[in-house]
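What follows is a set of notes on a single structure, which appears directly below.
FYI, it's all coordinate maths here, none of it is from the lab. Everything numeric in this text was worked out from a predicted model, so none of it was measured. Neighbour counts run over all protein chains shown; Cβ positions are idealised from the backbone, glycine included.
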């Protein structure tokens with residue numbers, strides 16, 4: 001029994017448990033165990049079971065271990081089969097439709113006997129769905145559009161999950177005896193917010209085509225397609241890997257092609273041709289001469305008279321022209337970050353105390369953290385009333401008096417109300433060092449109304465940062481209607497900082513808009529939206545997305561000192 005198959009079974013059990021009405025923690029236990037088992041990357045789990053190592057694997061408890069043990073011994077799980085007999089598998093797909101949720105899926109199944117996305121779509125079209133109590137035509141219409149969203153999103157993964165999968169696949173490929181090195185390429189390397197197929201380049205010591213064919217025998221494969229030294233593998237858990245096998249001499253150009261994007265590859269090929277070069281599948285030559293020695297991607301760019309183009313920029317959006325004129329930006333790095341300004345604590349819906357969050361930030365080498373718990377309108381998230389704000393500020397003052405070389409800033413994630421006003425009265429608003437303003441309610445406004453709501457809030461001199469400006473949840477919820485260009489113009493006009501919220505489900509603002517903001521001189525804050533110590537690491541993904549938007553350290557608020565952050569907030573208040 002291999003890791004991927006076992007993980008797939010555990011994840012299926014977790015999904016079906018959710019639909020069965022079991023406690024959420026029980027379903028999550030199976031899903032977390034599945035991720036831990038997958039990370040083992042074992043072709044055979046039997047030795048790990050016998051040695052006792054499997055039982056020591058993080059997140060693998062007695063219940064999940066018994067399932068894996070049965071899989072190893074019998075090749076199947078009786079627990080999974082029992083759940084399947086009780087719950088139609090199609091309901092899991094239905095639960096992915098935005099706006100449905102477990103309770104509504106159960107209701108639809110009970111009322112109409114619907115068990116698949118196809119049957120759900122038909123019920124929405126023929127009017128049966130609208131007749132269910134509390135549904136109606138508008139709900140049926142939203143579900144119909146959500147079905148297409150679910151189908152599209154089901155083919156992609158959030159970046160952080162795709163990266164974890166890519167690491168497992170890369171490590172598995174690297175264990176092949178004829179593979180010298182395996183490298184992650186494709187959209188993961190270009191740091192897209194969502195990822196479809198995962199591209200891996202395998203540098204081979206033997207015939208690349210033979211190595212590619214040998215991967216047909218890998219465990220947990222549902223389907224495989226060969227094309228010379230490339231192989232497309234579809235695994236049983238719906239993960240898709242595009243494997244590029246190559247020799248060491250051809251590796252640099254193969255890696256460049258596998259990284260993409262298709263538009264970048266086409267543009268660079270055209271650029272090479274216009275400058276007297278021929279760039280084919282594995283080589284670069286001038287005219288009819290012998291292929292040039294290209295050992296690294298940087299050699300390819302240098303031979304064409306270009307600066308080295310970072311993978312994040314390779315989208316065919318002007319990077320070749322900039323590289324030709326020596327005007328590529330000096331992109332931000334993780335080392336440039338000095339603090340985090342969008343963080344929650346146990347004062348609202350966070351899972352760690354202010355002190356714990358501060359110490360975790362300090363361990364990462366940062367110099368400050370801003371605590372931005374929810375304001376009172378966000379009652380569902382433990383939003384703070386004014387007296388609670390006062391207690392929090394007293395605690396921050398006490399901690400700051402005891403912490404050396406580190407500062408805790410008094411922030412708030414303040415709800416932008418439907419009127420465009422900020423939650424709280426003037427006295428409370430004036431007590432914060434800075435304010436992150438966010439929309440958390442009434443998403444169904446039309447574009448003009450939502451845009452006026454947000455830009456009115458931005459005109460408040462106390463609003464320092466506009467948080468997750470479009471409200472999107474990747475692969476789950478579309479952005480609410482809003483004129484992002486108007487928001488960027490407003491930020492340029494009055495000095496509001498725009499957030500790159502790097503919760504992996506958000507990545508909001510989108511990197512394409514961030515580049516527009518940069519060109520208009522708008523400052524950006526990379527906010528982890530951290531609700532625990534570990535989520536401070538969201539900043540790492542945020543830096544990757546900022547790089548994709550062509551941002552430098554000078555474009556980012558939290559590459560500056562705490563004193564500078566306060567100065568930015570102060571300047572807006574004086575406008």
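Things to note:
- Share of alpha-carbon pairs per 5 Å distance bin for the stretch 510-552, given as whole %: 6, 24, 29, 19, 13, 8, 2
- Pairwise centroid distance, computed over Cα atoms, of the stretch 86-108 with the stretch 451-496, Å: 33
- Note that the chain, at 37 °C in a medium of 0.692 mPa s, gets a Stokes-Einstein diffusion coefficient of 125 µm²/s from its Kirkwood radius over C-alpha pairs.
- Potential lengthening between residue 403 and residue 151 on full extension [0.36 nm per residue; Cα-Cα distance subtracted]: 85.7 nm
- Extending 7 Å from the Cα toward the beta-carbon at both residue 274 and residue 122 defines two label points whose distance is 5.4 nm.
- D_trans [Stokes-Einstein, Kirkwood Rh over alpha-carbon pairs] for the stretch 79-157, 10 °C, 1.306 mPa s, µm² s⁻¹: 125
- Fraction of the pair-distance distribution of the stretch 448-575 above 26 Å, Cα-Cα pairs, percent: 16
- For the stretch 3-86, dividing the convex hull volume of the Cα atoms by the residue count gives 74 Å³ per residue.
- Global size of the stretch 260-327 as Cα Rg and Dmax, reported in angstrom: 11.3, 33
- Set of the stretch 425-449 residues, backbone N closer than 16 Å to the point 7 Å along the Cα-Cβ line of residue 380: 438-445
- Label-point separation in nm, residue 391 to residue 459, each point 7 Å along Cα→Cβ: 3.7
- Two-site FRET efficiency, residue 353 against residue 56, from Cβ-Cβ distance with R₀ of 35 Å, rounded to 0.05: 0.70
- Cβ-Cβ FRET estimate between residue 492 and residue 73, R0 fixed at 60 Å, reported to 0.05: 0.40
- Between residue 263 and residue 86, the contour length at 0.36 nm per residue exceeds the Cα-Cα span by 58.9 nm.
- Each listed q (0.24 Å⁻¹) maps to a log10 I(q)/I(0) for the stretch 156-248 from the Debye sum over equal C-alpha point scatterers, namely -1.24.
- Full-stretch length increase - residue 110, residue 292 - with 0.36 nm per residue and alpha-carbon distance subtracted: 58.8 nm
- Remark on the stretch 149-204: Rg and Dmax equal 12.4, 42 Å (Cα only).
- From the Kirkwood radius over Cα pairs of the stretch 221-342, Stokes-Einstein at 4 °C and 1.567 mPa s returns a whole-number translational diffusion coefficient of 79 µm²/s.
- Pairwise FRET efficiency - residue 164 versus residue 334, Cβ, R0 = 22 Å, nearest 0.05: 0.75
- Percentage relative contact order, the stretch 90-153, counting C-alpha pairs under 8 Å, at least six apart: 37
- Simple spin-label estimate for residue 299 and residue 448 gives 6.1 nm between the two label positions (7 Å along the Cα-to-Cβ direction from each Cα).
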